[in-house]
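In what follows, a structure is listed as structure tokens, so that the remarks can point back to it.
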Amino acid sequence: MAVDHVNATSINPGHKGLVETDETVFRIWNDRKNELRSIAEPILQSVAFRRLSSITFLGILSPRFASQCQSPIYKRRSVRNTLGRSYDGSRQSHSLGVALIALDICRHLNFPPEVQKYAVAWGLLHDIGNWPLSHTGEYAFSRITNTKTKEVRLWLVNADRHAPQRFWVRDALRECDIDPKRLTGLFLGQPDLALAPLSKIFRSPLTPDMLEGVWRTGLSFGVDVPSPDRLRNALWKNLFDDTYLESSRSYTAITFWRAKSAIYRRFFNSPSIARWESAWSLAILRTFGGVSLEESLDLSEKTVVNRVLAHGLPEVSELHRWKPLQRYVLRSGNKKVLGDIEVENLCSTLAEETMGGSAPV
């Protein structure tokens with residue numbers, strides 16, 4: 001199947017507005033890019049990482065597509081008022097933010113430079129397996145290619161022949177003196193002893209990915225979310241490298257979790273919005289059913305959106321999502337302050353629950 005794609009050597013962002021948003025609304029990350037260059041310049045220059053500049057963070061739910069695709073989100077007055085103030089930007093900008101948040105946490109907790117280096121690599125590369133339109137496209141392309149984003153990520157990190165060679169980052173990692181196998185263990189939650197304290201943070205409810213992503217989404221939807229640096233300052237580490245949420249600052253974590261819960265309740269779990277995104281996911285599946293993994297990674301979002309609109313959205317009677325509907329609850333009730341809790345145990349308080357309506361197999 002012939003497809004129009006992004007130039008994989010230059011990585012043309014496709015949407016000029018994505019670059020403008022990344023350089024203005026999320027300038028906080030671009031202004032600190034030099035902090036990452038000294039650690040991970042080869043990764044920043046890799047084709048795989050630069051490809052992320054063409055992928056919209058919220059997929060079809062982004063304000064970027066509000067008018068063109070008649071999104072039900074932006075018919076709401078509270079959200080319409082945010083359109084002139086903020087877009088959600090790209091997966092590349094998000095990944096820069098995640099890497100910098102991870103680096104800030106490591107510095108705040110006095111982790112050694114070796115651990116900081118792996119934290120940065122984890123942040124920069126955690127989304128390199130993402131398809132166009134992020135999670136909207138993930139449902140379709142994972143079925144078309146019979147793989148998952150996390151598998152693609154590991155293939156690219158380890159230069160696996162299942163993935164396109166031009167997107168491999170193994171050599172870039174080695175230039176940074178980062179062992180792809182150690183990084184793989186970190187992604188799988190199977191770290192070596194030195195990286196274990198870092199892994200506990202990355203697998204907690206307050207992972208840098210979640211802190212940046214929820215904050216970024218809040219800007220787009222007009223929901224007030226605590227900035228990532230406030231959560232970073234709420235962490236402390238004991239002599240055994242165990243990281244805790246500090247009791248006196250736990251209100252910030254509670255506020256963050258309630259904001260995340262509100263975003264999911266009002267938007268991602270809204271029946272009309274979930275059905276609408278499901279229709280897009282199913283339409284992508286039907287429209288691009290013949291593409292290879294390489295072609296799917298290289299598709300431009302403009303091509304995906306225009307071809308779906310040309311064919312029209314299907315009627316859906318069930319959800320077609322990248323994962324089941326989730327809700328986020330605070331199991332401490334109405335408490336405003338929590339006792340000191342080790343981050344790996346926070347999931348018992350800041351809890352995630354699966355709702356009904358999972359995507360069909």
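The values are calculated or read from the model by the stated rules, or taken from the named source; none is laboratory data. Being a predicted model, the structure only gives us computed values, none of them experimental. Positions of Cβ are backbone-derived with ideal geometry, glycine not excepted, and every protein chain shown enters the neighbour counts.
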Within the group GLU301, GLU246, GLU277, which residue is in contact (Cβ under 8 Å) with a residue 24 or more places away in the chain and surrounded by fewer than 19 Cβ atoms within 10 Å (Cβ to Cβ)? GLU246
Options GLU138, GLU151: the member that is at pLDDT 95 or above, within 17 Å of the chain's Cα centre (by Cα) and surrounded by fewer than 19 Cβ atoms within 10 Å (Cβ to Cβ): GLU151
Residue count, the range 174-189 (criterion: over 17 Å from TRP155 (Cα atoms) and either of a type in the set (S, T, N, Q) or loosely packed, with under 12 Cβ neighbours inside 10 Å (or both)): 1
Flagged pairs (Cβ under 7 angstrom, 6 or more apart or on separate chains; first in the range 284-295, at pLDDT below 95; second hydrophobic (A, V, I, L, M, F, W, C) and outside any helix (DSSP H, G or I)) are GLY290/MET1
Regarding the range 315-330, can at least one residue be identified that is more than 22 Å from PHE268 (Cα to Cα) and loosely packed, with under 12 Cβ neighbours inside 10 Å? no
Out of all the residues in the range 242-296, which are of a type in the set (Val, Ile, Thr) and in a loop (DSSP other than H, G, I, E, B)? VAL291
Does THR255 count as β-branched (Val, Ile, Thr) and buried (at least 19 other Cβ atoms within 10 Å of the Cβ)? no
Filter the range 26-53 down to residues that are among the aliphatic types (A, V, I, L, M) and exposed (fewer than 15 other Cβ atoms within 10 Å of the Cβ), then give me how many there are. 1
Is at least one residue of the range 65-86 under 30 Å from ASP192 (Cβ atoms) and in contact (Cβ under 8 Å) with a residue 40 or more places away in the chain? no
Only one of PHE202, PHE268 is among the hydrophobic types (A, V, I, L, M, F, W, C), within 18 Å of the chain's Cα centre (by Cα), within 30 Å of TYR74 (Cβ to Cβ) and surrounded by 19 or more Cβ atoms within 10 Å (Cβ to Cβ). Can you tell me which? PHE268
How many of the residues in the range 99-127 are closer than 18 Å to ILE178 by Cα, assigned to a helix (DSSP H, G or I) and of a type outside the set (Phe, Trp, Tyr)? 16
